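For reference, the structure is listed below as structure tokens.
Read-outs: derived from the displayed coordinates by stated rules, not from any lab. In this text, all values refer to a predicted model and were calculated from it rather than measured experimentally. For neighbour counting, all protein chains shown are included, and Cβ atoms are generated from backbone atoms with ideal geometry for every residue, glycine included.
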Amino acid sequence: MKWTQAQQGLYRSQVEQLASVMPFDDENRRALLARVTGKASTSDIDHEEMRRVINEQKRLLRQCGFKPKRAPKAERRSAMNQEQYLAHLIGQLGWEGQPERLEGMILRQFGGWKRQLGQLDGADRSKLIAALKQMVLDERAGRMRADRPADARPAPRRDWTPEVVR
């Protein structure tokens, strides 16, 4: 199997880092490849050989004292959990003070089996997040359907009668 695109990106960034801390030109890069894999070009190596080359480059970077730059802890972003993301989406839709809107959405989404957010497990919350996310996208694009509560839907129209087939 050929090496992955993620491996290719890591390999290239490590080559740039090595070039910044020591004289690491094309000749040295090919010598490293030949020493680790026995091949002089990256187009000839497979997934496992690329992994060994990347590990060797990591070892060289550590020997040179290279430390990867990281953002300070205060600037790092933490991922939202499902409850936080649901609260964010509810705010995007403008439903903060209207719990009946979310309950109606849960009722429609899960066919009447569940009514409250607390009754949903992780998979159900994921489905609800996907539905709310699509609603936010539709609202931004101007494709939002008429916004009305579930109980205020008009009754189906019956101004026609089907013809009886004889």
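Convex hull of alpha carbon positions in the stretch 5-63: directionally averaged projected area 3.6 nm². Taking 7 Å steps out from each Cα toward its Cβ at residue 43 and residue 103 produces label points 6.6 nm apart. Give me the log10 of I(q) over I(0) for the stretch 82-150 at q = 0.12, 0.18, 0.20, 0.22 Å⁻¹, as the Debye formula computes it from C-alpha points; what are the numbers? The Debye formula, applied to the Cα set alone, gives -0.28, -0.65, -0.82, -1.00. Using the Karplus relation 6.51 cos²θ - 1.76 cosθ + 1.60 with θ = phi - 60°, the per-residue 3J(HN,Hα) values for the stretch 88-105 come to 5, 5, 4, x, 5, 7, x, 9, 4, x, 10, x, 5, 5, 5, 4, x, 5 Hz, with x marking Gly and Pro.
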